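The values are calculated or read from the model by the stated rules, or taken from the named source; none is laboratory data. Quick caveat: nothing in here was measured; it's all calculated off a predicted structure. A quick note on method: Cβ atoms are made from the backbone with ideal geometry, for glycine too, and the neighbour counts reach across all protein chains shown. SASA here: full protein model, heavy atoms, side chains in, ligands and nucleic acids out. Shrake-Rupley method; radii C 1.70, N 1.55, O 1.52, S 1.80 Å.
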Amino acid sequence: MAFSAVWRLANLGRHLDLSESVNKAAPVGSIKLKVASEVSEALSLGRAVVALESTIISHGMPYPQNLETAKEVERIVRENGAVPATIAILDGTPCVGLSVEELERLAILGTRAQKTARRDIAHVVACGGNGATTVSATMLFASMVHIPVFVTGGIGGVHRHSEQTMDISSDLTELGRTPVTVVCAGVKSILDIPRTLEYLETLGVCVAAYKTNEFPAFFTESSGCKVSCRVDTPEDCASLIEASIKLKLGTGILIAVPIPQEHSTSGHIIESAIQKAIKEAREKNITGNAETPFLLARVNDLTGGASLAANIALVKNNALVGAKVAVALAQLRENCQRKHVVWSFCFGKKKATR
């Protein structure tokens, strides 16, 4: 009982620092983040919280499938012991944790909500606009409120023919400078996976594969690229995350989870469609942040919806794994705090008897 009280006070102390910056009335001229009460309470008590991006809702699939998927992903996170915190910008206010009504609003807005990476945040906020956060923006906001685990479908990367276009996703540079762990199904297979992994290595980002030695390729279980770090349990992941944070490395971690095997059988069909879609994008001169939505939509058309079904399946699986990792991390921290409190009590008692 005494330990529980100390544990809550320790977390509350950390949360008070957070509250001063995001929950209280912000000074004139500064930007206020809106943190959902459920998320704020969980953080203050040291409970598991999982950040979720919103671009997958607005740009990843049509309404109402996008809303149904968003609700289902949040349900999976909750059922596995964590609190979901979907992140977006609504009416110029960065929001960490959305209500059902806000999720629906974003789902209905669809592509009318601006796809928002780190570079776009200031513009969307200044204009009072609506922004669906990508991996880079979601990582940034998650880091601001000390959410260590973030779940998404797949990350961006180095685009094919990048030697000509210089098209490299800001997701990678964010991983190199923001200490948030991203749980995903690897790099989208429409990208250049070997070069993406080389770039992450240059940035000092730890890339771990979950229960495998090979980096997954989003729609398929394997890309043919080996990884130097393998994690087999949520506890392994938690230990890796905590070590990185305690070492103050300042970088994110990428935990790549293979797509469930029953959905990877269509992978070769999807890969063939991807090659055709990439060729069409080149012919139509579709580049930049418009390329990925075009390719995913075109691949879905070419595969008769198989790629979208696989996408939804892997996102749900990532949510399952990510929630378990967040719970394991919260438990690890609680156990460490417990040992610290016991050690301090015993050491203080010995000192008092001298």
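Report the residue count in region 292-301 for those that are surrounded by fewer than 19 Cβ atoms within 10 Å (Cβ to Cβ) and either touching a residue at least 12 places away in the same chain (Cβ under 8 Å) or small (Gly, Ala, Ser) (or both).
The number of residues fulfilling the criteria is 3.
How many residues does region 217-249 hold that are free of Cβ contacts under 8 Å to residues at least 12 places away in the same chain and acidic (Asp, Glu)?
Counting residues in region 217-249 that are free of Cβ contacts under 8 Å to residues at least 12 places away in the same chain and acidic (Asp, Glu) gives 1.
For residues that are of a type in the set (Ser, Thr, Tyr), open to solvent by less than 40 Å² (accessible area, probe 1.4 Å) and not in a loop (DSSP other than H, G, I, E, B), tally how many sit in region 192-221.
Selection size over region 192-221: 3.
With the requirement that a residue be outside any helix (DSSP H, G or I) and under 19 Å from residue 320 (Cβ atoms), what does region 35-60 give you?
Correct list: 47, 48, 49, 50, 51, 52, 53, 60.
Give, as residue ranges, the strands (runs of 3 or more DSSP E) completely inside region 71-161 that count at least 2 residues that are on the phi < 0 side of the Ramachandran plot, within 14 Å of the chain's Cα centre (by Cα) and β-branched (Val, Ile, Thr).
83-90, 149-151
Quick check on region 339-351. Is at least one of its residues open to solvent by less than 40 Å² (accessible area, probe 1.4 Å) and either at pLDDT 90 or above or not in a helix (DSSP H, G or I) (or both)?
No, the conditions are met nowhere in region 339-351.
Please state which of the following conditions residue 236 fails to meet, knowing it meets all the rest: (1) among the charged types (D, E, K, R); (2) open to solvent by 50 Å² or more (accessible area, probe 1.4 Å); (3) within 16 Å of the chain's Cα centre (by Cα).
With (1) among the charged types (D, E, K, R); (2) open to solvent by 50 Å² or more (accessible area, probe 1.4 Å); (3) within 16 Å of the chain's Cα centre (by Cα) applied to residue 236, the lone miss is (3).
Does residue 201 meet the test of being of a type outside the set (Phe, Trp, Tyr) and within 22 Å of residue 319 (Cβ to Cβ)? Lay out the reasoning, then the answer.
Working: of a type outside the set (Phe, Trp, Tyr): yes; within 22 Å of residue 319 (Cβ to Cβ): no.
Here the answer is no, as residue 201 does not meet what is asked.
For region 262-281, give me the residue count where each residue is among the basic types (Lys, Arg) and either in contact (Cβ under 8 Å) with a residue 12 or more places away in the chain or under 30 Å from residue 332 (Cα atoms) (or both).
So the count comes out to 1.
Taking interchain pairs and intrachain pairs at least six residues apart, which have beta carbon atoms under 9 angstrom, with the first residue in region 192-211 and small (Gly, Ala, Ser) and the second assigned to a helix (DSSP H, G or I)?
Matching pairs, first to second residue: 208/236; 208/237; 208/240.
Only one of 310, 281, 326 is open to solvent by less than 10 Å² (accessible area, probe 1.4 Å), assigned to a helix (DSSP H, G or I) and in contact with a Lys or Arg (Cβ under 8 Å, 6 or more places away or on another chain). Can you tell me which?
281
Would you call residue 259 within 26 Å of residue 212 (Cα to Cα), among the hydrophobic types (A, V, I, L, M, F, W, C), touching a residue at least 24 places away in the same chain (Cβ under 8 Å) and open to solvent by 50 Å² or more (accessible area, probe 1.4 Å)?
no
State whether the residues of region 249-256 include one that is open to solvent by 40 Å² or more (accessible area, probe 1.4 Å), more than 16 Å from residue 189 (Cβ to Cβ) and aliphatic (A, V, I, L, M).
Yes, there is a match, as at least one residue in region 249-256 is open to solvent by 40 Å² or more (accessible area, probe 1.4 Å), more than 16 Å from residue 189 (Cβ to Cβ) and aliphatic (A, V, I, L, M).
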